[in-house]
Amino acid sequence: GEDSSCQRVIHKKVGDTVEFSSCLPTEGVTTARWKYKESIIADRDDVSGEHQFKGRVDLNPTNFSLTVRRLTLNDSGNFSFVSEGEGGRQRKTVTFTLKVHVLLECRATSDISNSDITYTWAVRNQTRDGPRLEYILKPQDEDTKFTCTISNEVSKMAATKTETCRNSTSGTPET
């Protein structure tokens, strides 16, 4: 059967490293390559090539797992493992969907790290508690305002940041 590292949808933060398992037995494999969308980004015989993952990707020659480092928002998408067995027999394609997220964090800059500080996030018409918020922005969303409010018994402060999700073609995502 498939092992637990074969979850098909993987969530990571910007800057993280992800490892995709080939999820298939490795005996008798003659060709092994990983594709991102439709382009080959790693081949058993060659991991060079001009693509957005240049210098950030490794293919394990033993188990064919793919590691991608320093993830950016642009790395979200489908990764597929395509391989052949003896006699050019096509094996099933294994596909993962990677979703890379920005993590917003709110911190009270105070020496008093006492426990009675309350954090509240407001996004659109939702509110959530806690110093960290993960919120999925889609390209069709307009500018989205994130407000973090920090309060204790005697004071209250709020900070706001506006984020937009763009399909940027450059290598560095805008945050």
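Taken together, the values in this text are just the output of simple stated rules run on the coordinates, not laboratory data. Note that this is a predicted model, so its numbers are computed, not measured. Neighbour counts run over all protein chains shown; Cβ positions are idealised from the backbone, glycine included.
Ranked highest first by average number of other Cβ atoms within 10 Å, how do 25-32, 97-104 line up?
97-104, 25-32
Among 117-123, 135-141, 54-60, how do they line up from the highest to the lowest mean number of other beta-carbon atoms within 10 Å? List each step's numbers first, then the result.
Values: 117-123: 16.9, 135-141: 11.4, 54-60: 15.1.
Going from most to least packed, we get 117-123, 54-60, 135-141.
Based on the Cα atoms of the chain, what semi-axes does the equivalent ellipsoid have, where each is the square root of 5 times one gyration tensor eigenvalue, given in whole Å with the largest first?
Equivalent-ellipsoid dimensions as semi-axes: 42, 17, 14 Å.
Give me the lysines in straight-line cross-link reach of Lys138: C-alpha distance below 19 Å, same-chain residues under 8 apart excluded.
Straight-line reach from Lys138, under 19 Å: Lys12, Lys13, Lys37, Lys99, Lys161.
Semi-axes, largest first, in whole Å: what does sqrt of 5 times each Cα gyration tensor eigenvalue give for segment 4-100?
22, 14, 11
What is the gain in length, in nm to one decimal, between Asp116 and Asn63 on full extension, counting 0.36 nm per residue of separation less the C-alpha to C-alpha distance?
14.2 nm
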